[in-house]
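Novice: Quick one: the structure is below, and I'll ask about it shortly.
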Amino acid sequence: MAPTRARPAQVPVSRFAVRAPDVQVEEVAGARAKDEFIRFQLDHYAGDELFVPPIVAERREFLDPKQNPFFEEAKAAFFLARRHGKVVGRVAAILDHRYNRFHGTHDGFVGLFESQNDPGLAAALFEAALSWLKREGARRCIGPVNPAFHHDVGLQVHGHERFPAMMMPYNPPFYEVLFEANGFTKLKDLYSYEVIALDGIPERVRRLAERVKQSGTVRIRRLDLANPESDLAKIQAIFHTMLKPGFGFAPMSHAEFMSIVNRLRPLVLLRPEFSLIAEVNGEAVGFSITVPDTHLAQKEAGGYLFPFGLAKMLWKARSIVRLRGLLFGIKDGWRRRGIDALLASETFTQAIALGYQAGELGWAMEDDTLVNRMLQAAGGKHVKTFRVYERPL
């Protein structure tokens with residue numbers, strides 16, 4: 001009898017959903033279609049008590065290549081899916097030249113994804129977006145990225161029962177199935193942490209902060225709002241020293257950095273106590289920017305500032321008790337010196353004094369041990385996970 005041969009190992013193959021035949025996908029052209037693209041979210045999430053409608057006017061500006069400096073070195077195509085004439089999904093395909101130069105990649109992105117619970121519908125959307133990326137020379141697709149890593153990124157896969165924090169993704173749980181049924185596999189998870197101000201700062205952090213403070217080498221001060229340009233340039237410089245090729249953030253142009261600053265400026269002015277810079281002998285070596293989390297107030301507007309949305313937002317803003325840790329950085333070469341503890345201690349102290357109850361910090365990459373340990377040491381509890389997917393082209 002001939003010897004039997006061992007069967008070759010089975011190579012896992014991603015499943016691909018069959019494209020829904022009754023779905024038509026069109027590339028957005030013109031202001032009317034762009035408005036349909038933006039407003040689809042409002043209809044899609046109708047009845048979802050946790051969804052915070054974006055401000056439609058702000059989204060128009062954000063997605064306009066003439067107004068958003070991100071598009072100075074990036075391009076995007078926007079797609080709508082219709083079934084029997086009704087919009088049932090959307091997606092954007094994004095090519096970020098600055099990202100690819102910095103990371104040495106040929107990646108494209110999908111983002112701004114919304115879809116009904118139908119893998120075949122999602123297949124039609126991804127087919128259009130990925131075909132566009134391939135024509136532009138991309139070799140891999142990453143997503144969702146909306147439209148870059150310094151905006152909201154990832155698909156929420158854990159913590160759906162919690163109210164979303166500002167500038168973080170929110171989506172139904174079934175989106176995970178839509179991505180994975182269309183050949184996307186996990187690239188990396190991003191963690192978001194919650195800190196309860198009333199629990200107080202952990203004793204170990206308090207002691208370290210006190211030791212650094214008593215040494216007299218580090219000075220913590222507020223952002224100079226009378227002459228912010230100098231401080232903002234220092235923050236951007238520190239941010240750029242923290243970037244590492246491979247995955248994630250890429251350098252921003254000054255215009256793009258300032259566009260983000262201008263969006264956050266009203267919140268910084270509202271609570272300047274939380275915009276901090278750490279200095280050693282006059283050199284900026286760290287920063288921490290925390291703002292009131294306005295999502296609950298924004299929800300009251302229902303997507304429109306006028307005629308009554310802005311008034312409703314301002315009224316609700318009076319009762320905000322949560323904070324959102326947006327930007328944090330320690331200059332390369334100055335980590336592990338307790339500067340992070342001193343910044344955290346000052347933020348905790350101000351939060352308690354001003355009556356804030358909790359805050360959400362994020363995000364941290366799952367494999368960034370140093371940052372995750374730092375957030376945990378500051379009392380952070382991992383409450384949400386956002387997943388970034390990839391798919392070869």
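The values are calculated or read from the model by the stated rules, or taken from the named source; none is laboratory data. Predicted, not measured: the structure shown is a model, and the values here were computed from it. So basically every Cβ, Gly included, is an ideal-geometry build from the backbone, and we count neighbours across all protein chains shown.
Every residue, every condition in (1) aliphatic (A, V, I, L, M); (2) assigned to a helix (DSSP H, G or I); (3) over 21 Å from Met258 (Cα atoms); (4) in contact with a Lys or Arg (Cβ under 6 Å, 6 or more places away or on another chain), yes or no:
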site	(1), (2), (3), (4)
Asp64	no, no, no, no
Phe70	no, yes, no, no
Arg82	no, no, yes, no
Val87	yes, no, yes, no
Arg90	no, no, yes, no
Gly111	no, no, yes, no
Asn117	no, no, yes, no
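Novice: Which residue, of Glu36, Glu73, Glu61, Glu27, is in contact (Cβ under 8 Å) with a residue 12 or more places away in the chain, out of contact with any helix residue (DSSP H, G or I) (no Cβ under 9 Å at 6 or more places or on another chain) and not β-branched (Val, Ile, Thr)?
Specialist: Just a single option satisfies the conditions, and that option is Glu36.
Novice: State which residue is nearest to the chain's Cα centre (by Cα) when the search covers only segment 253-267 and only residues that are surrounded by 19 or more Cβ atoms within 10 Å (Cβ to Cβ) and either of a type outside the set (Phe, Trp, Tyr) or over 21 Å from Phe62 (Cα atoms) (or both).
Specialist: For segment 253-267, the residue satisfying everything is Glu256.
Novice: Next question. Please tell me if Phe184 is in contact (Cβ under 8 Å) with a residue 24 or more places away in the chain, within 18 Å of Phe126 (Cβ to Cβ), not β-branched (Val, Ile, Thr) and not assigned by TED's automatic domain parsing to the domain that holds Val280.
Specialist: Numbers: in contact (Cβ under 8 Å) with a residue 24 or more places away in the chain: yes; within 18 Å of Phe126 (Cβ to Cβ): yes; not β-branched (Val, Ile, Thr): yes; not assigned by TED's automatic domain parsing to the domain that holds Val280: yes.
Yes, satisfied.
Novice: Spot the failing condition for Arg162; the list is (1) touching a helix residue (DSSP H, G or I) at 6+ places or on another chain (Cβ under 9 Å); (2) part of a loop (DSSP other than H, G, I, E, B); (3) not β-branched (Val, Ile, Thr), and only one is missed.
Specialist: (1)
Novice: Any idea which of Val91, Val56, Val87 is at negative phi, β-branched (Val, Ile, Thr), at pLDDT 95 or above and buried (at least 20 other Cβ atoms within 10 Å of the Cβ)?
Specialist: Val91
Novice: Kindly evaluate Ala226 against the criterion of being in a loop (DSSP other than H, G, I, E, B) and in contact (Cβ under 8 Å) with a residue 40 or more places away in the chain.
Specialist: no
Novice: Here is a list of conditions, (1) outside any helix (DSSP H, G or I); (2) more than 21 Å from Gly359 (Cα to Cα); (3) in contact with a Leu (Cβ under 7 Å, 6 or more places away or on another chain), and Leu187 meets all of them except one; can you say which number that is?
Specialist: All conditions pass for Leu187, except number (3).
Novice: If you take the residues of segment 201-222 that are in a loop (DSSP other than H, G, I, E, B) and surrounded by 13 or more Cβ atoms within 10 Å (Cβ to Cβ), which of them is farthest from the chain's Cα centre (by Cα)?
Specialist: Per the stated criteria, the residue is Thr217.
Novice: Additional query: Please verify whether Asp35 is at pLDDT 95 or above and either surrounded by fewer than 18 Cβ atoms within 10 Å (Cβ to Cβ) or assigned by TED's automatic domain parsing to the domain that holds Arg263 (or both), treating the condition exactly as stated. Can you show your working first?
Specialist: Details: at pLDDT 95 or above: yes; either surrounded by fewer than 18 Cβ atoms within 10 Å (Cβ to Cβ) or assigned by TED's automatic domain parsing to the domain that holds Arg263 (or both): yes.
In short, yes.
Novice: Something else about it: From the list Arg337, Arg391, pick out the single residue that is at pLDDT below 95, among the charged types (D, E, K, R), surrounded by 15 or more Cβ atoms within 10 Å (Cβ to Cβ) and more than 24 Å from Asp293 (Cα to Cα). It would help to see each step written out before you state the result.
Specialist: Numbers: Arg391 fails: at pLDDT below 95.
The conditions single out Arg337.
Novice: Same structure again: Do the conditions hold for Asp43, that is, is it in a loop (DSSP other than H, G, I, E, B), in the same structural domain as Arg162 (by TED's automatic domain parsing) and among the charged types (D, E, K, R)? Steps first, please.
Specialist: Numbers: in a loop (DSSP other than H, G, I, E, B): no; in the same structural domain as Arg162 (by TED's automatic domain parsing): yes; among the charged types (D, E, K, R): yes.
Judged against the criteria, Asp43 is not a match.
Novice: Take segment 118-158 and flag every residue that is on the phi > 0 side of the Ramachandran plot and either surrounded by fewer than 19 Cβ atoms within 10 Å (Cβ to Cβ) or without any contact (Cβ under 8 Å) to a residue 60 or more places away in the chain (or both).
Specialist: Residue satisfying the conditions is Gly137 alone.
Novice: For segment 282-302, check the following and say yes or no: at least one residue is in contact with a His (Cβ under 7 Å, 6 or more places away or on another chain) and assigned to a helix (DSSP H, G or I).
Specialist: No.
Novice: Could you please let me know if Ala250 is under 17 Å from Leu343 (Cα atoms), surrounded by 18 or more Cβ atoms within 10 Å (Cβ to Cβ), in contact (Cβ under 8 Å) with a residue 24 or more places away in the chain and in contact with a Phe, Trp or Tyr (Cβ under 9 Å, 6 or more places away or on another chain)?
Specialist: No, not satisfied.
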